[in-house]
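Asker: The structure is given below, and queries will be raised subsequently.
The values are calculated or read from the model by the stated rules, or taken from the named source; none is laboratory data. Bear in mind that the values here come from a model prediction, so they are computed numbers and not experimental data. Cβ sites come from the backbone with ideal geometry, for glycine too, and all protein chains shown count toward neighbours. Surface accessibility is based on the protein's heavy atoms, side chains included, excluding ligands, DNA and RNA. Shrake-Rupley method; radii C 1.70, N 1.55, O 1.52, S 1.80 Å.
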Amino acid sequence: MANASLDPPDVPAAEDLPVATSGQAAGAGAALTAESEVVDLCRDLLRFESVNRGNGDGHERPIAEFVAEKLAEVGLEPVLLESAPGRTSVVTRLAGSDPSRSPLLIHGHLDVVPADPTDWRVHPFAGEELDGCLWGRGAIDMKDMDAMTLAVVRDMARSGRRPPRDLVVAFVADEEAGGTLGARWLVDNHPDHFADCTEAISEVGGFSYTVSDDLRLYLIETAEKGIAWMKLTVAGRAGHGSMLSEDNAVTKLCEAVARLGRHQFPIVVTPTVRVFLDSIGEALGIELDAGDIESTIAKLGPIARMVGATIRNTVNPTQLAAGHKVNVIPGEATAYVDGRYLPGQEEEFLRQVDELLGPEVRREWVVNDQALETGFDGPLVEAMASALRAEDPAARAVPYMLSGGTDAKSFSRLGIRCFGFSPLLLPPDLDFAGMFHGVDERVPVDALRFGVRVLDRFLASS
Ligand SMILES: [Zn+2]
């Protein structure tokens, strides 16, 4: 513990928290099932404005207390863990029937990115249901999975059904700012809760991509690119804007940033992407041309932008700053760039970045977090695939790489194999990828119920 005042003792929520008073109170338990309450739970979660603005500005305490209350209501013993005032995570454990098996971790973040109500069709924190969907910030990132997890775990606890393995369930703060006050803090300060977990499931995987009426691919996340957020600084000679200047920091920085931003890094196909491209090529009847992977990817339609970012390292310049007056040459100019590297590519990526930047640019880390890749094999993967098939005979599970990052980066530090598996059967015309951090984020209520059935089967059989 770094600071006692910022790090209150663990709160044994089972004793301390009030008994739920909502319409789904414990006494009505007999009629409740995971499927019957998942939509209500998701709506309740969406109504918490658990917005994370970054730089430590977030507050998950109210939603964490709500989640803890829902867990305590069915006899579980949630623990609230707080990294800083208001930055609260919840962890609980559901005992499995076979204590010799290692536990499975299910983790979901409780925070969301901001949303401007004026842009939205409905208020982003009203939890409204419209056109068969629940609308709201977090509907697919990731209060949907939080609700599904809560619903299934509550159902198991209420009915006394035991999964084969212990389930460690973590609802965490601060994912949207990199997890410093959430998953990463838990891993660094409370690893005991997760120490014996060998595998984990969480967000951005398990959703459907419709190929035809009788074939839907379900993309399971087995890999993530690494994050390389960098600050670039160039020094030059300050002076009057009217005079000759051979050593202008702004000019030099802009040249370096432009070189980096325009650079196309070479194609590297990792094992995950290879299997994904083969599977999708086969499903779509597209011949995969190893010599021209880009034009194959271009044929994939709406997911081409996402898949395209998983065959190479990338850098996008995102922020620039220099000067304070139009006729004053500043002595320094800075830029921020968002770099992402493939698994196994960190060293080579940085070598190329430094070559492009040249000797005059100072490069510093804002965030550097590892890339991940695990195999698409083993009993857990089989359990995912067969749970999907049982609920959707047209399902075919395929692995894919996420171009972004999740809390999996933190939990994998404990040696946990992390998967993105938040099962959703989506309508073919829904722009799923576009809704992450987007306007009018929503989740079909039928997809939530489907997800609960798949998750229940998966947890009961894995
Ligand atoms: Zn998320």
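Asker: Along the positive direction of the dipole of the chain (beta-carbon charges: Lys, Arg +1; Asp, Glu -1; about the Cα centre), which of G239, V250, P423 reaches farthest?
Answerer: So the residue furthest toward the plus end is G239.
Asker: Output the 0 to 90 degree angle, nearest 10, between the alpha-carbon long axis of helix 249-262 and the longest principal axis computed from the alpha carbons of the chain.
Answerer: Taking the Cα atoms of the chain, the angle to 249-262 is about 50 degrees.
Asker: So which lysines pass the test for K70, namely a Cα distance under 24 Å, with those fewer than 8 places away in the same chain ruled out?
Answerer: K143
Asker: May I pose another question? May I ask you to work out the translational diffusion coefficient for the stretch 181-256 at 4 °C, viscosity 1.567 mPa s, via Stokes-Einstein with Rh from the Kirkwood sum over Cα pairs, reported in whole µm²/s?
Answerer: In µm²/s, the coefficient rounds to 69.
Asker: Same structure again: Lysines near K252 by alpha-carbon distance under 19 Å, same-chain residues fewer than 8 away left out - which ones?
Answerer: Partners within reach: K231, K325.
Asker: If DNA, RNA and ligands are ignored and the probe is 1.4 Å, what is the ranking of V326, V443 by accessible area, most exposed first?
Answerer: The ranking, largest first, comes out as V326, V443.
Asker: Average the reciprocal distances over every distinct pair of alpha-carbons in the stretch 92-136, invert the result, and give the Kirkwood radius in Å.
Answerer: Every distinct Cα pair counted, the radius reaches 14.3 Å.
Asker: Step through the residues of the stretch 441-457 one at a time and calculate ³J(HN,Hα) from phi using the Karplus curve (6.51 cos²θ - 1.76 cosθ + 1.60, θ = phi - 60°), rounding each to whole Hz and writing x for Gly and Pro.
Answerer: Calculated HN-Hα couplings, in order: 4, 7, 10, x, 5, 5, 5, 5, 5, 4, x, 5, 5, 5, 4, 4, 4 Hz.
Asker: Shifting gears a bit: Based on Cβ point charges of +1 for Lys and Arg and -1 for Asp and Glu, what charge dipole magnitude is obtained for the stretch 302-381 about its Cα centre, in debye rounded to the nearest 20?
Answerer: Rounded to the nearest 20 debye, it is 400 debye.
Asker: Additional query: Helix 143-159 against the longest principal axis of the chain: what's the angle in degrees, Cα atoms only, rounded to the nearest 10?
Answerer: Around 20 degrees separate the two axes.
Asker: For helix 346-357, report the angle its Cα long axis makes with the longest principal axis of the Cα atoms of the chain; keep it between 0 and 90° and round to the nearest 10°.
Answerer: 30
Asker: Pick out, in residue order, every one of the GluC sites (Glu not before Pro) in the stretch 251-326 that is DSSP loop and has at most 16 other C-beta atoms within 10 Å; say none if there are none.
Answerer: When the GluC sites (Glu not before Pro) of the stretch 251-326 are filtered for loop state and at most 16 Cβ neighbours within 10 Å, E287 remain.
Asker: Which of P78, G127, P103 sits closest to the plus end of the dipole of the stretch 37-129, meaning its Cα is farthest towards the positive end, when Lys and Arg get +1 and Asp and Glu get -1 on the C-beta?
Answerer: Checking the options against the dipole of the stretch 37-129, the answer is P103.
Asker: Kirkwood hydrodynamic radius for the stretch 356-420: how many Å is it when counted over pairs of different Cα atoms?
Answerer: Kirkwood radius, the stretch 356-420: 15.0 Å.
Asker: Show which lysines lie in cross-link reach of K409 when reach means a straight Cα distance below 17 angstrom and same-chain residues fewer than eight apart are skipped.
Answerer: Result set, ordered by chain and number: K225.
Asker: Now for a different question. May I have the extent of the alpha carbons of the stretch 182-315 along their three principal axes, as whole Å values ordered from largest to smallest?
Answerer: 70, 48, 23
Asker: Compute, for W120, the solvent-accessible surface of its heavy atoms (probe 1.4 Å) with the complete set of protein chains present, and express it in square angstrom to the nearest 10.
Answerer: Result for W120: roughly 20 Å² accessible.
Asker: A follow-up question, please. Search the structure for amide H atoms under 5 Å from the amide H of R396, placed 1.01 Å from N in the peptide plane, and list their residues when 5 or more places away or on another chain.
Answerer: R216, L217, Y218
Asker: Tell me what the chain gives for mean residue ellipticity at 222 nm when only DSSP H runs of n ≥ 4 count, each as -39,500 (n - 2.57), the sum divided by the residue total, rounded to 500 deg cm²/dmol.
Answerer: -9000 deg cm²/dmol, from helical runs alone.
Asker: Take every DSSP beta bridge whose two residues both sit in the chain, then give the antiparallel share in percent to the nearest 5.
Answerer: Roughly 70 percent of the beta bridges in the chain run antiparallel, per DSSP.
Asker: Right, another one. Compute the distance from the alpha-carbon center of the stretch 289-308 to that of the stretch 399-426, in whole Å.
Answerer: 22
Asker: Also, I was wondering about something else. About the Cα centre of the chain, how large is the charge dipole given +1 on each Lys and Arg Cβ and -1 on each Asp and Glu Cβ? Please answer in debye to the nearest 20.
Answerer: 480
Asker: Toward the positive end of the charge dipole of the stretch 145-246, about the Cα centre and with charges on Cβ (Lys, Arg +1; Asp, Glu -1), which of G179, P163, A195 goes farthest?
Answerer: The residue sitting most towards the positive pole is G179.
Asker: Now for a different question. Can you put R161, R363 in order of accessible area, largest first, using a 1.4 Å probe?
Answerer: Largest accessible area first, the list is R161, R363.
Asker: Here is a follow-up. Go through the stretch 200-205 residue by residue and turn each phi into a ³J(HN,Hα) via Karplus (6.51, -1.76, 1.60, θ = phi - 60°); whole Hz please, and just put x for glycine and proline.
Answerer: 9, 10, 6, 7, 6, x
Asker: Oh, and also: If you filter the stretch 101-148 for trypsin sites (Lys or Arg not before Pro), then keep DSSP loop positions with at most 16 other Cβ within 10 Å, what is left?
Answerer: Here the sparse-neighbourhood loop sites are R101, R121.
Asker: Can you give the charge dipole size of the stretch 259-313 about its Cα centre, rounded to the nearest 20 debye, using +1 on the beta carbon of Lys and Arg and -1 on the beta carbon of Asp and Glu?
Answerer: Charge dipole of the stretch 259-313: 420 debye, to the nearest 20.
Asker: At 1.4 Å probe size, what's the solvent-accessible area of V268? Round to the nearest 10 Å².
Answerer: In the full protein context, V268 sits at about 40 Å².
Asker: How large is the Kirkwood hydrodynamic radius of the stretch 263-406, in angstrom, based on all distinct alpha carbon pairs?
Answerer: Roughly 18.2 Å, rounded to one decimal.
Asker: With every atom except the alpha carbons ignored, what do you get for Rg and Dmax of the stretch 43-141, in angstroms?
Answerer: My reading of the Cα-based Rg and Dmax gives 15.9, 53 Å.
Asker: Write down the radius of gyration of the chain and its Dmax, each obtained from C-alpha positions, in Å.
Answerer: 23.6, 82
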